[in-house]
Structures are given as C-alpha cells and as structure tokens.
Amino acid sequence: MSLPKACIFDLDGVIVDTVDAHYKAWKTMADELGVPFTMEDNEHLKGVSRVDSMSRILALGEIEKTEEELMDYTRRKNDIYLEIISKMTPDDILVGVKDFIQLLIDNGVEVALGSSSKNTPTILKAVGLDKTFKAVVDGNQVTHSKPHPEVFLKGAERLGFEPKDCVVFEDAISGVEAAKRAGMKCIGVGEAEVLFDADLVVPDLSNINLDTLRHLP
Ligand code: BG6
Ligand code: MG
C-alpha cells in the first residue's frame, strides 16, 4: 500500500502535553460546583469544545445555570488553563512528534492540524510549531465540535485532498469518532482499551514509522 497524501494531527495530547493542564482546570471548576469529576469523566471531555465540556460538567452534577453563568464558568476555566500553560516551551512537545513530522515532510506527506482548541495559535507559537503545518483548523474555525467530523473535513479540503487520502492522529474518543465519520483512517495515540475504534493504537509518536502508515489495517 502507498503512503497517505496527508496526516492530520490533533493538538492536545498528540502534539503537546496539555492533557493534565486541561484536567486540572476542569477539576477546579467541578470542585467549586461540588461535582464529582474523575480522570475517567475527563477522558470523555478530551477533544470536546470548551463550552460543551463545561455543559457536560454541569450535566454530571445535574446543575442548571443560565447562559451567562455558563459562559462565565467557561471563561474562568480558560483563565486557569492559560495560567498553567503560560510557561510552555518546545520541551512540551510530546516524544517522537518532531522527528515523525519531519519524516513525513521529507517523504512528501503533507501535515495538517485539526484541533477543537481555540488556544491553538497561542500554543503552536509557544512551542515553535506555528510554521510547521500546511493547514491549521482549530476551534475558532469550526461550528461543530468533535465528534462531529467538520474539523477534519475542513483540514482535507484546505489541503485539496479527499478524506480517504488522509490519516488522522488522535488521543480522544471523540476525535477518533470524528475521524471515522469524516471517512478517514485513524491512528489512536494512547491506550488501545480506550481508543478501541481507531484502526491502530500507538502509545506515542516515537512508535511509528512509514511502514506502519503503509500497512494500516
Ligand atoms: C481539545 C482538548 O483539544 O480542546 C479539550 O482535548 C479542550 O480538553 C478543547 O476542552 C478546547 O480547548 P480550548 O483550548 O479551546 O479550551
Ligand atoms: Mg487531543
């Protein structure tokens, strides 16, 4: 089999190590609201937009808030998150990412980014990857959050490729679903028991090479 024409990467948890920071910020809000919030609950927030995540935490606690209050909690969560990640540097790029992206570029595979995060431009700049991706589609440019396929379909469109020519890298259950719904192959980054709908799961990007991509199930 040949190589895909493009790889589309999720940001949080695939390119950069921000999963803990998101969790801590959500946990602070949940504690304040008296909502029990576990790492497993957090697993289902991965890939989901900021406002949808806040709504899910309120739903977990069966708490009703006005639209204005919801937006206020959402803004405060982001303030906490931004404070935690304010000292991000290129050292926060996850293992294997830079080498794998370079390998793809050297072999004519285009790289794009598809993230739900509205903080994407800030993060890419902080870690020095703001010029790396041929196309960046983030939470500021989509109407529907993952698991809706919009973010990945837009990525393929920007590159001028069909969905079937793109492979997505995702650490989130919602992101794997978004990729599959977009008609793309998906490589899960994380644990196989969690990302069981992915076509293949690797622990991180140092565990993958061009042959893996050529022989995706
Ligand atoms: C996703 C993260 O990439 O972006 C989620 O997995 C996060 O945890 C979502 O809630 C939105 O991010 P942000 O940076 O716009 O709050
Ligand atoms: Mg992610």
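Points to keep in mind about this one:
- Taken across region 39-53, residues that are more than 12 Å from ligand 1 (Cβ to nearest atom) and in contact with a Phe, Trp or Tyr (Cβ under 8 Å, 6 or more places away or on another chain) do occur, with at least one present.
- When the helices (runs of 4 or more DSSP H) confined to region 1-106 are screened for residues that are modelled with pLDDT of 95 or more, those reaching at least 3 such residues are found at 19-33, 50-60, 67-84, 97-106.
- Comparison of 169, 161 shows that the only residue that is within 19 Å of residue 3 (Cβ to Cβ) and within 15 Å of ligand 2 (Cβ to nearest atom) is 169.
- Count of residues meeting criterion [open to solvent by less than 30 Å² (accessible area, probe 1.4 Å), more than 14 Å from ligand 1 (Cβ to nearest atom) and either in contact with a Ser or Thr (Cβ under 9 Å, 6 or more places away or on another chain) or outside any helix (DSSP H, G or I) (or both)] in region 155-187: 6
- All conditions but one from (1) open to solvent by 50 Å² or more (accessible area, probe 1.4 Å); (2) in the same structural domain as residue 190 (by TED's automatic domain parsing); (3) out of contact with any helix residue (DSSP H, G or I) (no Cβ under 7 Å at 6 or more places or on another chain) apply to residue 62; the one that does not is (2).
- Scanning region 188-205 for residues that are open to solvent by less than 70 Å² (accessible area, probe 1.4 Å) and either more than 17 Å from residue 98 (Cα to Cα) or in contact (Cβ under 8 Å) with a residue 60 or more places away in the chain (or both) yields 188, 189, 190, 192, 194, 195, 198, 199, 200, 201, 204, 205.
- Residue in region 83-97 that is over 17 Å from residue 19 (Cα atoms), free of Cβ contacts under 8 Å to residues at least 40 places away in the same chain and out of contact with any Phe, Trp or Tyr (no Cβ under 8 Å at 6 or more places or on another chain) present: no
- Residue within region 171-181 that is more than 22 Å from residue 202 (Cα to Cα), modelled with pLDDT of 95 or more, charged (D, E, K, R) and not assigned by TED's automatic domain parsing to the domain that holds residue 77 present: no
- Condition met for residue 120 (open to solvent by 30 Å² or more (accessible area, probe 1.4 Å) and modelled with pLDDT of 95 or more): no
The values are calculated or read from the model by the stated rules, or taken from the named source; none is laboratory data. Bear in mind the structure is a predicted one, so any value in this text is a computation, not a measurement. Methodologically, a virtual Cβ is constructed for each residue, glycine included, from the backbone with ideal geometry; neighbour enumeration extends over all protein chains shown. Keep in mind that these areas ignore ligands, DNA and RNA; they rest on the heavy atoms of the full protein, side chains included. Shrake-Rupley method; radii C 1.70, N 1.55, O 1.52, S 1.80 Å.
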